Amino acid sequence: MNPSIKNFVIRHLVGAKANQIEEFDFSRHNELTLGRSGDSDVQFDPEIDTVVSREHGKIVKDGPLAFTLIDNNSRNGIFVNKARVKGSTPIQPGDEVQLGSNGPVFLFDVDPRPAELMPATRFVEVVKPTSEFVPAEVAAASPEKSGIGKQTFERVITHERQKSQRTLVASVAGLIIVAGAAFFAFKDKIAPQITNVVKNDTTLVTNVTNVVKESFDPEAIAKANIDKVVLIEFSSKLVHAPSGDDIYHRYETYKGIDRPIPVYVEVDGQIEPLLDLKKNTPNGQPIALQGSGSGFVVSKEGYILTNR
């Protein structure tokens, strides 16, 4: 055991515990169990992190500075730095662990992290900057930037928009003047036609109103459909198929009660009516029902429509 390490550190990145940090005493834990079980050291939410098994895996301390991640044959597997673990794999502080391909993600670490477990220094080669060589003839021939500025462009657009609006207003005014002149020129011919149209339309509206009233008149509706309305009566009963006898619900009379009482029995924890054949039931009621209702004949074949 390395005395410089005080705690295991689990930094949750994705999942129900995202942005949370858990710490475990390094000296008291030789392993950290992972799963949705209530006994797991690193416990995941049983309702949200459903891709995590109850006992998904564990991190085992093999030595002072050596750790192994073990997959407990979980259904969705374990990934370390996006690579799937087959059985077990060594793990280092700073490794990213994911439980299931779409499951929660956490960063494994220790605190404080010993120098031996610090990430290796990366060497970066510094390359001397280069500049592109452009021949003098090409540079001289390069065209200068041309075009109009933003403000100039906006002024052009505004001017054209105002010009279009003025043209539209002038066109509408011209149409109104022409229409007014035409009306005054031909008003004597138009007025009689308007009178006739109004008169004809009034007659048409009156006729339509009468038709609508007749269509919704209760007496007219009843008269038109009297031959289509039928009375429907129905009944059914429960029969013992082998004997053809009716099945009855047994009733019994009790002292002090002026009417028969239906009998019920308990069958497999359920309350059921006591049934028997009619010949064996001196006092009871048949398992039957009957009723009636109205219907409408809707086809020449005799089909009847009803809400019963």
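The values are calculated or read from the model by the stated rules, or taken from the named source; none is laboratory data. Keep in mind the model is a prediction, meaning the values are calculated, not measured. Every residue, glycine among them, receives a Cβ derived from its backbone with ideal geometry; neighbour counts consider all protein chains shown.
Being within 25 Å of E116 (Cβ to Cβ), of a type outside the set (A, V, I, L, M, F, W, C) and part of a loop (DSSP other than H, G, I, E, B): is that true of S40 here? In short, no. Out of all the residues in the stretch 288-308, is one or more in contact with an Asp or Glu (Cβ under 7 Å, 6 or more places away or on another chain), surrounded by 11 or more Cβ atoms within 10 Å (Cβ to Cβ) and either outside any strand (DSSP E or B) or touching a residue at least 40 places away in the same chain (Cβ under 8 Å) (or both)? No, every residue in the stretch 288-308 fails to be in contact with an Asp or Glu (Cβ under 7 Å, 6 or more places away or on another chain), surrounded by 11 or more Cβ atoms within 10 Å (Cβ to Cβ) and either outside any strand (DSSP E or B) or touching a residue at least 40 places away in the same chain (Cβ under 8 Å) (or both).
Can you tell me which residue within the stretch 12-26, out of those that are under 22 Å from G63 (Cα atoms) and surrounded by 12 or more Cβ atoms within 10 Å (Cβ to Cβ), is modelled with the lowest pLDDT? Break it down stepwise before answering.
Just the residues of the stretch 12-26 that are under 22 Å from G63 (Cα atoms), to begin with: 22-26.
Still in the running and surrounded by 12 or more Cβ atoms within 10 Å (Cβ to Cβ): 22-24, 26.
Working: E22: 97, E23: 96, F24: 96, F26: 93.
Top of the filtered list is F26.
For the stretch 241-268, which residues satisfy the criterion of being in contact (Cβ under 8 Å) with a residue 12 or more places away in the chain and not acidic (D, E)? Of everything in the stretch 241-268, those that are in contact (Cβ under 8 Å) with a residue 12 or more places away in the chain and not acidic (D, E) turn out to be S243, I247, Y248, H249, R250, Y251, T253, P260, P262, V263. The residues of the stretch 51-72 that are out of contact with any Ser or Thr (no Cβ under 9 Å at 6 or more places or on another chain), surrounded by fewer than 20 Cβ atoms within 10 Å (Cβ to Cβ) and of a type in the set (A, V, I, L, M, F, W, C), listed by number, are L65, A66.
Just to verify a result, which residue in the stretch 33-50, among those that are farther than 19 Å from G87 by Cβ and surrounded by 20 or more Cβ atoms within 10 Å (Cβ to Cβ), is farthest from the chain's Cα centre (by Cα)? Before the answer, list the steps.
Just the residues of the stretch 33-50 that are farther than 19 Å from G87 by Cβ, to begin with: 36-50.
After this cut, where a residue has to be surrounded by 20 or more Cβ atoms within 10 Å (Cβ to Cβ) as well, the list is 36, 42, 44, 49.
Working: R36: 26, V42: 32, F44: 25, D49: 20 Å.
Only one residue fits best here, namely V42.
If you take the residues in the stretch 229-275 that are among the basic types (K, R) and surrounded by 10 or more Cβ atoms within 10 Å (Cβ to Cβ), which one is farthest from S292 (Cα to Cα)? Checking each candidate, the answer is R250.
Please determine, by comparing only the residues of the stretch 93-125 that are within 41 Å of the chain's Cα centre (by Cα) and of a type in the set (S, T, N, Q), which one is modelled with the highest pLDDT. Outline the logic, then answer.
Initially, the stretch 93-125 is screened for residues within 41 Å of the chain's Cα centre (by Cα), giving 93-109.
Still in the running and of a type in the set (S, T, N, Q): 98, 101-102.
Details: Q98: 97, S101: 88, N102: 91.
Residue satisfying both the conditions and the ranking: Q98.
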